[in-house]
Amino acid sequence: MAGRTHLQHALPCTFGYKCAVYLSGVLRHLEQIKEIKKRCLLVQFGGAAGTIASLGVDDTGLRVREQLAVELGLQNPDITWHVARDNVAEIINFLALVGGTLGKIALDLMIMSSNEFDEVSEPFVPHRGASSTMPQKRNPISSEVILAASKMLRSSASLGLDVMITDFERASGPWHLEWVAVPDAFVAVVGALHQTNFALGGLVVKVDSMERNLRSTKGLIVGEAVMMALAPHIGRQKAHDEVHGDCKSAIEQNRSLLQVLEESPVLTGVFNKEQLTSLCDPSQYMGRAS
């Protein structure tokens, strides 16, 4: 299929490669969860100003906090953290990162499911995504919900960071924002994950459309392949300028890149017809995507 940059054809890739890029982000998040539990899920026990003064000057207060952590299944902090809210902010921002990964997937699915692309579609459910007046519609409902959730999560992450700016040993109010940010973030990320499971679990992948779109620019998508093959013979910059001119001609004349290359003295002086045909075949310029 066509790999795209700036919404335009860039280089050929595979749909599997695209999915693997998505998966790499998800796997990173999964690896982070254990570390976040160790680093952020801390027992909170420190008294009014965090000194545990009510339990005396010996280590009684520290031992009580340690035992309380054991009973609650939380980590025992090195020191009272009432006004050091970075652990809570980290949790919310982690959820926002998950939402960002899912949001990127959702945005790609939404664009790829447009009629002009027609490369994927969400699982078909009767009347889901339909319009009250346009029966032909199959709107990408799950992707829209995921994208909205990712934006909500970024908003919650911002609130979490705001809470970190607190006053003295017991904040006068900013931490109340967590009462909204934390539950909203968990609800939003669970909803986004649920919708992603649904959308990807039955995703319709339209390989014929991917092939059609790949060929739609008549070989221009492998302009880099031609340039890189020509570079050892005439130099990289000269090769770039030559192929750039050939691509320009192909666009203006509405011809295939191969047709233009076959009339180029520079290209035909280096490559025969079979070699030029191979260079203009997107399947021959996949890198490691396959």
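Screening Phe198 on (1) in contact with a Leu (Cβ under 9 Å, 6 or more places away or on another chain); (2) farther than 11 Å from Ile92 by Cα shows it passes everything except condition (1). Whether any residue in region 73-86 is modelled with pLDDT of 95 or more, assigned to a helix (DSSP H, G or I) and outside the structural domain of His29 (by TED's automatic domain parsing) is what I want to check. Within region 73-86, not a single residue is modelled with pLDDT of 95 or more, assigned to a helix (DSSP H, G or I) and outside the structural domain of His29 (by TED's automatic domain parsing). Which count do you get for residues in region 48-72 that are without any contact (Cβ under 8 Å) to a residue 24 or more places away in the chain and not in a helix (DSSP H, G or I)? Total meeting the criteria: 4. Only residues that are at pLDDT 95 or above, among the hydrophobic types (A, V, I, L, M, F, W, C) and not in a loop (DSSP other than H, G, I, E, B) were counted across region 106-150, and they come to 12.
Go through region 259-286 and give me each residue that's within 35 Å of the chain's Cα centre (by Cα) and without any contact (Cβ under 8 Å) to a residue 40 or more places away in the chain. Can you show your working first?
First pass over region 259-286, keeping only residues within 35 Å of the chain's Cα centre (by Cα): 278-286.
Passing the criteria: only Ser278.
Return the residues of region 150-185 that are of a type in the set (Gly, Ala, Ser) and under 30 Å from the mean Cα position of the chain (by Cα); say none if nothing qualifies. Break it down into steps so the answer makes sense when it comes.
Of region 150-185, the ones of a type in the set (Gly, Ala, Ser) are 150, 155-158, 160, 171-173, 181, 185.
Matches in region 150-185: Ser150, Ser155, Ser156, Ala157, Ser158, Gly160, Ala181, Ala185.
When you go through Pro123, Pro135 one by one, which is the residue that is touching a residue at least 40 places away in the same chain (Cβ under 8 Å) and either surrounded by fewer than 15 Cβ atoms within 10 Å (Cβ to Cβ) or charged (D, E, K, R) (or both)? Full working, then the answer.
Numbers: Pro135 fails: touching a residue at least 40 places away in the same chain (Cβ under 8 Å).
Only one candidate qualifies: Pro123.
Among what's in region 186-218 and is β-branched (Val, Ile, Thr) and more than 18 Å from the chain's Cα centre (by Cα), pick the residue that is surrounded by the fewest Cβ atoms within 10 Å (Cβ to Cβ). I'd like the intermediate steps shown before the answer.
Going residue by residue through region 186-218, those that are β-branched (Val, Ile, Thr) are 187, 189-190, 196, 204-205, 207, 217.
Still in the list and also more than 18 Å from the chain's Cα centre (by Cα): 187, 204-205, 207, 217.
Numbers: Val187: 13, Val204: 12, Val205: 14, Val207: 10, Thr217: 19.
Among those residues, the one meeting the criterion is Val207.
Evaluate region 20-33: report whether one residue or more is under 17 Å from the mean Cα position of the chain (by Cα) and of a type in the set (S, T, N, Q). Yes; the residues of region 20-33 include at least one that is under 17 Å from the mean Cα position of the chain (by Cα) and of a type in the set (S, T, N, Q). Looking only at residues in region 37-96 that are surrounded by 13 or more Cβ atoms within 10 Å (Cβ to Cβ) and among the hydroxyl-bearing types (Ser, Thr, Tyr), which one is nearest to Val182 (Cα to Cα)? Looking at residues that are surrounded by 13 or more Cβ atoms within 10 Å (Cβ to Cβ) and among the hydroxyl-bearing types (Ser, Thr, Tyr), I get Thr80.
Of Ala188, Ala171, which residue is assigned by TED's automatic domain parsing to the domain that holds Glu35 and over 30 Å from Ala49 (Cα atoms)? Reasoning before the result, please.
On the way: Ala171 fails: over 30 Å from Ala49 (Cα atoms).
Within the list Ala188, Ala171, the selection yields Ala188.
In the set His29, His6, only one residue is under 20 Å from Gly103 (Cβ atoms) and modelled with pLDDT of 95 or more; that residue is His6.
For region 14-32, state whether one or more residues are on the phi > 0 side of the Ramachandran plot and outside the structural domain of Leu193 (by TED's automatic domain parsing).
no
The values are calculated or read from the model by the stated rules, or taken from the named source; none is laboratory data. Given the structure is predicted, the values throughout are model-derived calculations rather than measurements. When we count neighbours, we look across all protein chains shown, and the Cβ atoms used for this are built from the backbone with ideal geometry, even at glycine.
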